[in-house]
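Report on the following structure.
Read-outs throughout are calculated quantities, based only on the coordinates presented, and are distinct from any laboratory measurement. Small disclaimer: the values here were computed from a predicted structure and weren't measured. Cβ: placed from backbone, ideal geometry, glycine included. Neighbour counts: every protein chain shown.
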Amino acid sequence: RAEDAWFVFDSLKVVKKVAFIDEPLYIYRQVSTSTMHTIQSDRYERSKAFRKKLLDANNNLEIKIDNDEFYFEFLYEAVMYCRSMSQKGKIEEINKVLNDPFFKESCKYKQYLPLHLKSLCILERFNLKPVIRILLSFWKF
């Protein structure tokens, strides 16, 4: 997924025309043991770094992005990471995410979020981290 994004951004720097084909031209093979289905200890930081690079690249290309859509996947991944850390009893890792300025900024963009993630963003705005930690331990994704 990240490789696809970098290919697109690099391509946009040199192409003169872009077309969209609304049909699948390839498929992803889903394997339950792949890294796509596991939560790695550095997943949150890697996800944040990737998005910051995309924002920098976007500024250079001057493409209008929909912030609600852009931050949707990041917030979902952040919550998945926090839930995994909650199950492992790693409260300090959850606190790092909840106190991270990039996470807090991302919570402003909630148009496309499902209700439970919108709730998390509202709780974050009111600095109710203990409630967030409790919810993370019970939510099913």
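Quick look at the numbers
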{"read-out": "Residue 87/residue 16 FRET efficiency (R0 35 Å; Cβ-Cβ; nearest 0.05)", "value": "0.10"}
{"read-out": "Shape of segment 36-141, Cα gyration tensor, a/c cut at 1.5", "value": "prolate"}
{"read-out": "Simple spin-label estimate for residue 70 and residue 116 in nanometres, 7 Å along Cα-Cβ", "value": "2.7 nm"}
